[in-house]
Amino acid sequence: MRAADDTPLQLAWFPTAFPDGPAFGDPEQTSWSNFCSIVSGFRREGPKDGPGFIGARFKLEDDGKQVRRLKANLTSRSVITMDLEANKQTGELPPWPDKLAALIESIGFAAVIWTSHNHCPPTNIRYRIVSPLSAEIDHDLPAVEIIAGDLGIADVLDRSKLGAASFFYLPSYSGDDTADLHLEIIVPGRAIDAAQLTKRAKALQEYREAEADKAAAEAHAKAAARREVLIAAGFDPDESLIEKIRPKLESLDQILRDHGYDRRGSGTSAKYRHPASQSGSYGANIKTYIGIERIYSHNGGDPLHATQLPGWCTVTAVDAFDVTAILDFGGDRKKALRELAERYGLSRRQERRAVARLIRKLIRSRASQETVEACAYAEGERLGLTRDDVNRVAVWMAARARLEAG
């Protein structure tokens, strides 16, 4: 096993995480052993903000010397860097640094570990792991997640720092009273095999794309099933306000880009990234079924991710109307229907008539008052009417019945 000491690293150094203006830094080609000596020989005392690095290659600025900390300027990833912290949902804590160091050494790859500025055991365990790669890899691959899975630390991984453009502080501590809480550990070993990691990360990407296909197909199947139920019940699904609005909306690609999503690739291979994404990965795909586009996102911080979708959304791959309701109207479906209908000059006369027909049919079948109200409100919501709209239809029908009765 060849030690990683002479493995070349491409890094970018930055004086602060919060610059007053564009984040410019200095690129450097160094070695793994030199990087380890910097980390082990330096721990700054004072506030958290200070110098740090990014383990990636950026394209050079026009001066040919500096780089700018922008995701769009990334060209490759050169190291695997992970921040560990307590899981915000479960409270699970990371393993003690020396225990994880022993595991890494048993696996055989090199690493350097140092505790973070706010590390305060035993209740607040925070530290950073950096490992060299045998060669630079595609910066968009989910490589960090692969290594975290190998080490069994995926649940305590700071997922906001998965992206290759993520900034990491060099060692620091607040003052003398916390100095003894901190440590640095250098783990000897080889560089992580870039070819093998690339192969595994691409397989994960392909799996996620397959999940996107599956989610879009399931969403289409559910929509088709709902349509068949409505037709069998004697309703015309095309009377739905959503069906009238959807053709008037821009393509999903345009809607996403109008909301600041980055796009990588084009056509059916295009992938999208939410503008507030901290992981940096392009984790959203558009799939088309029977002429309807749907987007599926596996980025947890994306409002279009399954865990972020509003309660009324029963599928994980959402169409243009769903996306517009979520991104433009904060997930308020009724408000979206109301304002989009006004924007496109769509009359609600057809929708009111559909509710009136339903009420008349239920009354003739001698349905109970509770059943009539429940069905009328449900149909009104499906057609984009408010409860007040449905109430006005009911009042109008009652008045008409009194007139007919004479």
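Rule-based calculations on the coordinates, nothing more; no lab input. What you see is a predicted model, and the numbers here were worked out from it, not measured in a lab. Ideal geometry is used to build each Cβ from the backbone, glycine not excepted, and the neighbour counts take in all protein chains shown.
Would you mind computing the Rg to Rh ratio of the stretch 95-228 from its alpha-carbon coordinates, Kirkwood style for Rh? Don't skip to the end; give the middle numbers.
Values: Rg = 19.5 Å, Rh = 17.4 Å.
Answer for the stretch 95-228: 1.12.
About its Cα centre, the chain has a charge dipole of approximately 2140 debye under the convention of +1 per Lys or Arg Cβ and -1 per Asp or Glu Cβ, with nothing else charged.
Compute the helix-to-body angle for 320-329: its Cα long axis versus the longest principal axis of the chain, expressed 0 to 90° and rounded to tens. Here the helix axis deviates by roughly 70 degrees.
Think of the chain as having a plus end and a minus end, set by charges on the Cβ of Lys, Arg, Asp and Glu; of Thr7, Pro142, Gln205, Gln205 sits farthest toward the positive end of this dipole.
Of all alpha-carbon pairs in the stretch 8-192, indicate the percentage at a distance above 29 angstrom. For the stretch 8-192, the share of Cα pairs beyond 29 Å comes to 17 percent.
Extension gain for the segment Asp177 to Asp98, taken as residue separation times 0.36 nm less the Cα-Cα distance, is 26.3 nm to one decimal. Partners of Lys71 within straight-line reach, counting lysines whose Cα lies under 19 Å from its Cα and excluding those fewer than 8 residues away in the same chain: Lys59, Lys161, Lys271. Extent of the stretch 9-118 along its three principal axes (Cα atoms, max minus min coordinate, largest first): 45, 30, 28 Å. For the chain, the longest principal axis of the C-alpha atoms and the axis of helix 349-364 are separated by about 60°. For the chain, the convex hull spanned by the alpha carbon atoms encloses 185 Å³ per residue. Counting every other Cβ atom within 10 Å of each residue's Cβ, Arg349, Arg294 order from fewest to most as Arg349, Arg294. Each of Val112, Val144 has some number of other Cβ atoms within 10 Å of its Cβ, and from fewest to most they run Val112, Val144.
Based only on other Cβ atoms within 10 Å, what is the fewest-to-most ordering of Phe53, Phe18?
Details: Phe53 23, Phe18 7.
Listed from fewest to most nearby Cβ atoms, that is Phe18, Phe53.
Between Phe18 and Leu170, residue separation times 0.36 nm minus the direct Cα-Cα distance comes to 53.3 nm.
Legend: calculated FRET efficiency, Ser365 to Ala224, from the Cβ-Cβ distance at R0 = 30 Å, rounded to 0.05, equals 0.60.
For the stretch 205-343, report the % of Cα-Cα distances exceeding 24 Å. Intermediate results must be reported in sequence, preceding the final value.
On the way: 2673 of 9591 pairs.
Distances greater than 24 Å cover 28 percent of the Cα pairs.
Full extension of the chain between Lys65 and Arg343 gives 95.0 nm of extra length, using 0.36 nm per residue less the Cα-Cα distance. Compared with the dominant principal axis of the Cα atoms in the chain, helix 194-232 is inclined by about 10°. Do the alpha carbons of any pairs in Lys248/Lys334; Lys99/Lys214; Lys199/Lys287 sit beyond 29 Å of each other, and which pairs? Result: Lys99/Lys214 exceed 29 Å.
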